[in-house]
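Only the coordinates and a few stated rules stand behind these numbers; no lab work does. Given the structure is predicted, the values throughout are model-derived calculations rather than measurements.
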Amino acid sequence: MASAEAIAKLETKAVAAEKLIQLLRQQISQVKAAQAGQGNGGGAAFSQEIVQLREENSNLKSDVETWKAKLSAAEVTNGKKVFCAPIKSDENPKEVKAEAAPIVATDKKEKNVKADKPEKSPKEKKEVKKEDDTPVDIGRLDLRVGHIRKASKHPDADSLYVEEIDLGEEKPRTVISGLVKFIPEEEMQDRMAIILCNLKPSKMRGIMSEAMVMCASTPEKVEIMAPPAGSKPGDLVQVDGYSRNPDAQLNPKKKIFEACAPDLKVNDTKQATYKGVLWTVNGQPVTSQTLVGVQIK
């Protein structure tokens, strides 16, 4: 059962509803009487009341526009986007839009400033500039004498050798070469070679290759370039006129080796050259076995 308090509330609401209904009925009666009295001289009073209501409505509209203008001015002063700016009939809406635009642009500019990356230190800028200024030539390639201690066929690729090469470093490097079709496995053992040491290491059929064996090459025949007699692992390849300043690791995106490759050739006397200038180790030339006038790859 409902409580006494709930019943009292319902009764109160019912009384209020009845009073509201009575008030509405009285207003309806007054309107009907006013309409009926227009022909009997009551129309003048009714018309006067309408005029008065219109004046009050006009005044209210004027007050609302005044307060809108004050609010808009306050928003502009505080650097906020204008939402309540009044648009009068003689104003061009495009002009209002143009006034609001700089505020939005300012906000966007502030966000961009926050999003900017911190400036590089002077040292970093200097290093980047130094690398960019370094000429692209054979001096950027780290060519050294290497000793191929042993080589065996790649377990997952019939055309590849896996070689262990001593370059005068703490430990030998693993190098993958596609020489199976050109050089017998027994000739790959315990021999000296010229090695490009600063290529980016890459995995070939699951094994990481850390350098490249330089060879005189044709489609039918390939020969490993040989350093002069008496060379030791780690001895440097020099080319007169080109300062030896190799990158720690060649950036594949800059294609430095690819830029030098067309000028790496064996001349007519089996000597390795760059733009016609000899490769030398300890003052003696690097040579092929039999090939002449071919590219070195």
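In whole Å, what is the distance between the alpha-carbon centres of the range 243-267 and the range 177-191? Spelled out, the Cα-based centre of one part sits 25 Å from the other.
Any chance you could list the semi-axes, whole Å, largest first, of the equivalent ellipsoid that the Cα gyration tensor gives for the range 199-297, using √(5λ)?
22, 17, 15
Put simply, the amide H of Thr287, placed in the peptide plane, has neighbours under 5 Å in Ala226, Ala272, leaving out anything fewer than 5 places away on its chain. First check a/c for the range 163-212, with a ≥ b ≥ c the square roots of the eigenvalues of its C-alpha gyration tensor; if it is under 1.5, answer rounded, and if not, answer prolate when a/b is larger than b/c or oblate otherwise. It is oblate, given that a/c is not under 1.5 and a/b is not larger than b/c. In the range 236-294, Rg over Rh equals 1.00, where Rg is the alpha-carbon radius of gyration and Rh the Kirkwood radius from pairwise Cα distances. Net length available on complete extension from Ser159 to Ser62 is 25.7 nm, with 0.36 nm assigned per residue and the Cα-Cα distance removed.
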